[in-house]
Every structure is written in C-alpha cells, then in structure tokens.
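The values are calculated or read from the model by the stated rules, or taken from the named source; none is laboratory data. Remember, it's a predicted structure, so these values are computed and weren't measured experimentally. As a convention, Cβ positions derive from the backbone with ideal geometry for all residues, glycine included, and neighbour counts pool all protein chains shown. For the accessible areas, the whole protein counts, side chains as well, though only heavy atoms, and no ligand, DNA or RNA atoms are used. Shrake-Rupley method; radii C 1.70, N 1.55, O 1.52, S 1.80 Å.
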Amino acid sequence: MRYLTKEWYELCQQTHFHFGLRVHNGAYEFDENLFLRLYKRKEKAHVKQERELYNLDPRYMLEHDGQVLTRVDKAFGEEEVTEEDQIVFHMQPEQRAHIEKLIAEYDVRPPFDEKKCKEEYKESMESSFQYKAEHLPQEIVEQIADIRVFTLGYCTREILQQLKKQSAHNWRRVEHTSKEFREVMMAQNIPDEIHSRVQYHDCTVTELLTMDEVVIRFDTRGGFTNINKLTLVAPEIIKQEGEIVGSYWLYQELYRIDNGYELHVLFDGENMPELIVRCADILVEEEPERPRG
C-alpha cells in the first residue's frame, strides 16, 4: 500500500479520542469509591440494554410480510391511488424460514443470565482499560489519574481539550493522505467497471489460491456485494504478508501498469495482512454458495 497503509489506518482510529467523554471534577485524583460508583452505574445501564435485546421478540420482523406498499409519488400526491399503484410485499421463503427459526429459539430461551452478563461486561471493560492505556498518546496517559475512570467516559477538562486538539490534528493528516490518494487514483484513468471488480470492503476471505492465477473467494455476508470470486490473470505476486484467509478486506489501491494492473489490498486481521499483485486482467464471478460445514 502506498497511501492507505497500516499506519494510515491506525491514524484513522485516532481521530475520535474525545468521543463519548464527559468532564468530571473527581477525575483529577485517584478515587476508588468514585470508580466503583461510576462502574456500577455503567454496568446497570449495560445490563438493562442487554436484557431488552435478549427479550426482543423476533416476531416484529414478520410485520411487513403481506403489507401493501404504495408508489411514493402516488402516496404523497393528490391523485387517487389505484390498485396499479400498489404492490403487496411478500417475504422470500428462506428469509421467513430464518425468522421462524429465531422465533422458535426465542420461545424456548432460558431466563436472562444477569450474572453472566455482568461477568462479560467486566471482561470487556478490563480489556478496554488496557487498550486505552496502550493506544492513547503516552503524554496524556501520564496525566490521567485513573485509566479505569477515563475508560468509563470521564476525564478532566484539560485532558478533554488536549484530546480534541489531537483528534483534529490526526483528522487533518488522514484527510491530506486521502486527498492525495483520490487524486492519484483519478490519474490512473482506470474505468469504473474495473474498479467495481475489486470492491470487497468488509468481506471475509475464505480461500486464497496462488498458482497460474490468483483466486480469492469471499464470504460476502458482511460486505456490500454478492460477487464472491476474484481472479487475477497472469499474476506476479509482489507482496504477500500475514494470514490473509480469515481476514476482512479493508481497502484497496489499483494502479495501471504497462501490461495490466497492480492491485494493493490491506486486510483487517492479525498484524494487518497485505497483498500486492500485478496482473494482466481482473475477473469476477458470483459462484453458488457452498455448503457450510
């Protein structure tokens, strides 16, 4: 990657240091009682939300099945609505079957486990404490009296101001690189149709074959496409780093070269895998879904 690098991606994660923070006068000093009080408040809100989600009856998802829909221009116009202006929405059989399965599971679910919920919340928060301590600017971490209180969303006014300033600075750097990237991509003069063949953001790589052709297959359920097979013709692998299979496709850069294209891909996985391949052509296909074992 030349522009949308691992470093650029990490910087993107550092443009919102101040989000969700509130000034608290007690954050100037380490105070165990303050932490316990704030923790209990946040834990209570979390348990309440999780209980509501757990007890949400999936039958609501069937409400639109059989509903009569009217064309927008007719619904908000002054003309009389006729039968030709309406359609009846019918859910796809497999979609309805999935919802009915959820309903069956919901009807026999055990009582909400509050104890387990609190244990999971505690584990999550302990992980967050460590993450904040490692990823915040060190000069700011040293000013925080209790990283636990900070992680719960409370800090001093001075720290909040510093974080806003740092976030804004990082955002400007991210935008500067993004602008350069867009300008370079435009200069490649690659047709939109070719660019559309490498749009797999948030798709999971399920298979990577590197032989006469580079073939990548995807689970597209988390992405924005149904195309699940990418083939790079006459490939030359310039870089293959990290465990790509099982990772999520994050960003790509596509460059024009004399005999075809050079594709750079950054993946979201352990140590941020990366792939760079030169190829003569880029082919895509929507294969039938394979049975999941």
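Compute, for Glu236, the solvent-accessible surface of its heavy atoms (probe 1.4 Å) with the complete set of protein chains present, and express it in square angstrom to the nearest 10.
90
Just to make sure I understand: if all protein chains stay in place, what is the order of Leu254, Leu53, Leu208 by accessible area at 1.4 Å, largest first?
Sorted by accessible area, descending: Leu53, Leu208, Leu254.
Take the eigenvalues of the Cα gyration tensor for segment 173-269, scale each by 5, and report the square roots as semi-axes in whole Å, largest first.
For segment 173-269, the ellipsoid semi-axes come out as 21, 17, 13 Å.
Roughly how many Å² is the accessible area per residue of segment 79-143, as a whole number, for a 1.4 Å probe?
Ligands and nucleic acids excluded, the result is 79 Å² per residue.
Express the carbon and sulfur contribution to the solvent-accessible surface of the chain as a percent, rounded to the nearest whole number, probe 1.4 angstrom.
The C+S portion of the solvent-accessible surface of the chain is 49 percent.
Suppose every K and R has +1 on its Cβ and every D and E has -1 on its Cβ; what is the size of the dipole of segment 1-103 about the Cα centre, in Debye to the nearest 20?
The calculated dipole for segment 1-103 is roughly 960 debye.
Considering the options Phe76, Gln166, Leu102, tell which one lies farthest towards the positive end of the dipole of the chain, charges being +1 on Lys and Arg and -1 on Asp and Glu at the Cβ, about the Cα centre.
Toward the positive end, the furthest listed residue is Gln166.
Please report, in debye to the nearest 20, how large the charge dipole of segment 188-292 is about its Cα centre when each Lys and Arg carries +1 at its beta carbon and each Asp and Glu carries -1 there.
120
Only helices at least 20 Å long along their own axis, judged from Cα atoms, and with Kyte-Doolittle mean hydropathy of -1.0 or greater: name those in the chain from DSSP H.
Helices meeting the span and hydropathy rule in the chain: none at all.
Taking amide hydrogens as modeled 1.01 Å from N in the peptide plane, which residues meet the under 5 Å criterion relative to Asp268, leaving out close sequence neighbours?
Close amide H contacts, sequence-distant or interchain: Tyr248, Trp249, Leu250.
Which whole-angstrom value gives the distance between the alpha carbon centres of segment 79-154 and segment 205-268?
Here the answer is 30 Å between Cα centres.
Quote the charge dipole size of the chain about the Cα centre in Debye, to the nearest 20; the model charges only the Cβ of Lys and Arg (+1) and of Asp and Glu (-1).
That gives a dipole near 1400 debye.
With every protein chain left in place, what is the accessible area of His98 in Å² (1.4 Å probe, nearest 10)?
Only protein atoms counted, so the area is about 110 Å².
Label Val284 and Arg71 with points 7 Å out from Cα along Cα→Cβ: what is the distance between them in nm?
Rounded to a tenth, the inter-label distance reads 3.2 nm.
What lysines could a cross-link reach from Lys115, if we take a straight Cα to Cα line under 24 Å and drop same-chain neighbours fewer than 8 places away?
Lys40, Lys42, Lys44, Lys48
Provide, as a two-decimal number, the C-alpha radius of gyration of segment 109-223 over 2.2 N^0.38 Å, N being how many residues it has.
Scaled against compact globular proteins, the figure is 1.67.
Rg/Rh for segment 240-293: what does it come to with C-alpha atoms and Rh from Kirkwood?
1.05
Using only C-alpha positions, report the orientation-averaged shadow area of the convex hull of segment 205-258, nm², one decimal.
Mean projected area for segment 205-258: 4.4 nm², to one decimal.
Quick one, what does Rg over Rh come out to for segment 31-76 if you take C-alpha atoms and the Kirkwood Rh?
In segment 31-76, Rg relative to Rh is 1.44.
If you look at just the Cα atoms of the chain, how large are its Rg and its Dmax in Å?
When restricted to the Cα atoms of the chain, Rg and Dmax are 25.4, 69 Å.
Put Tyr131, Tyr154 in order of accessible area, largest first, 1.4 Å probe: what do you get?
From most accessible down to least: Tyr131, Tyr154.
Calculate the spin-label point distance for Glu120 paired with Gln49, positioning each point 7 Å from the Cα along the beta-carbon direction, and give it in nanometres.
1.3
Where a ≥ b ≥ c are the square roots of the eigenvalues of the C-alpha gyration tensor, would you call segment 34-125 rounded, which needs a/c under 1.5, or, failing that, prolate if a/b is larger than b/c, or oblate?
The shape class here is oblate.
Taking 0.36 nm per residue of sequence separation and subtracting the Cα-Cα distance, how much length would be gained by fully extending the chain between Gln95 and Lys229, in nm to one decimal?
45.8 nm
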